[in-house]
Amino acid sequence: MPTASSKPTTRAPSRATSSPFWRFPFWRKAALTAALATSAAGLLGAASGCSTEDATAGERAPAQRSPTAGGAVAYASAAPEKITTPPPASGTGVRIKTCPARQGKVVALSFDDGPSPYTDSLLAILKEKKAPAAFFLKAKKLARDFPKYEDYRARVKRIAEAGHAVCSHTFSHSGLVGPHVTEATIRADITKAEDLIADITGRRPKCLRPPFGDTDDRSLAILKEYGYQVILWNLNTDDWRFASSDRKKDFDPPQILALVQKTLAKSQGPFIHIQHDSEESEASIKMVPQVIDYLRDQGYTTISLQECLGQPIDIPR
Ligand SMILES: [Zn+2]
């Protein structure tokens with residue numbers, strides 16, 4: 001994924017009652033309806049990485065068949081059909097591609113690689129649409145040696161104050177997998193990001209999206225050790241490809257919505273969506289209202305990452 005490195009982001013755990021969303025009537029209403037039922041509908045298909053995969057291939061178990069007395073095989077009509085699809089992944093140190101705690105037409109919005117010059121525009125859109133989201137932050141932008149760090153830290157504070165989930169997308173965004181990645185660099189990439197985010201929000205993120213969506217057994221084991229829920233996605237937009245200012249050759253923002261339509265046509269929720277909030281994402285952010293409107297027109301409810309996971313996304317600092 002040659003270009004993905006400059007784009008995606010991620011976010012994590014819950015802040016339950018401290019979240020401003022819980023104080024909004026619309027949000028409380030949505031939360032109550034949620035009730036965190038464990039999903040058995042394993043729809044799934046996710047993609048990998050910071051956005052290069054078409055994530056939504058669905059899998060369904062074939063209908064159960066039972067042998068008749070004569071040895072022939074007939075479709076059972078009386079016995080309930082057994083669904084053998086495994087439940088969606090949940091918990092720490094496993095790749096979560098769809099909502100383990102919800103079923104049906106729900107979607108958790110998420111934005112990678114922020115903060116960016118467009119973060120406030122995105123926050124205004126989400127406020128106007130009354131939609132919660134998760135932000136997977138590229139934490140090196142919050143360190144003191146980053147040119148805009150004070151401005152970017154203020155943006156992260158506004159993300160948290162608006163009640164959105166603040167998750168980690170690691171510090172360096174260089175990846176948790178590869179020949180040059182050591183255990184020490186993985187640990188540093190995770191903990192530096194966590195410390196920087198906690199310093200701003202007062203909460204330690206326990207949700208993380210690995211750069212490019214790439215993990216291996218070693219990185220997953222380390223993420224589990226740190227208590228991280230590893231959030232992938234199953235509603236890709238390929239916005240980094242179609243609506244990024246540094247990909248002029250492919251620039252075609254409506255393709256974001258087209259990919260959402262294509263995914264919904266062949267799969268169903270719950271969905272974890274992905275777009276980006278990077279320095280190249282102005283056009284992508286402008287498509288967010290259309291993406292939300294389309295999802296709602298199709299009967300989907302936007303839910304928080306906490307509701308999607310049924311687990312806290314963060315802990316006190
Ligand atoms: Zn990224």
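The values are calculated or read from the model by the stated rules, or taken from the named source; none is laboratory data. Everything numeric in this text was worked out from a predicted model, so none of it was measured. Note that we place each Cβ from the backbone using ideal geometry, even for glycine, and neighbour counts take in every protein chain shown.
Structural remarks
- Taken over segment 226-237, the criterion of being over 16 Å from Phe135 (Cα atoms) and touching an Asp or Glu at 6+ places or on another chain (Cβ under 8 Å) is satisfied by Tyr226 alone.
- Residues of segment 111-123 satisfying the condition of being away from the ligand (no atom under 16 Å from the Cβ) and either modelled with pLDDT under 95 or in a helix (DSSP H, G or I) (or both): Asp120, Ser121, Leu123
- Within segment 136-188, the set of residues being surrounded by fewer than 23 Cβ atoms within 10 Å (Cβ to Cβ) and on the phi > 0 side of the Ramachandran plot comprises Gly163, Gly178.
- Here Leu259, Leu220 are screened, and the one residue that is surrounded by fewer than 24 Cβ atoms within 10 Å (Cβ to Cβ) and closer than 21 Å to Ser281 by Cβ is Leu259.
- Of all residues making up segment 228-255, the number that are in contact (Cβ under 8 Å) with a residue 12 or more places away in the chain, over 17 Å from the mean Cα position of the chain (by Cα) and in a loop (DSSP other than H, G, I, E, B): 7
- Residues that are aromatic (Phe, Trp, Tyr) and part of a helix (DSSP H, G or I), drawn from segment 264-306: Tyr294
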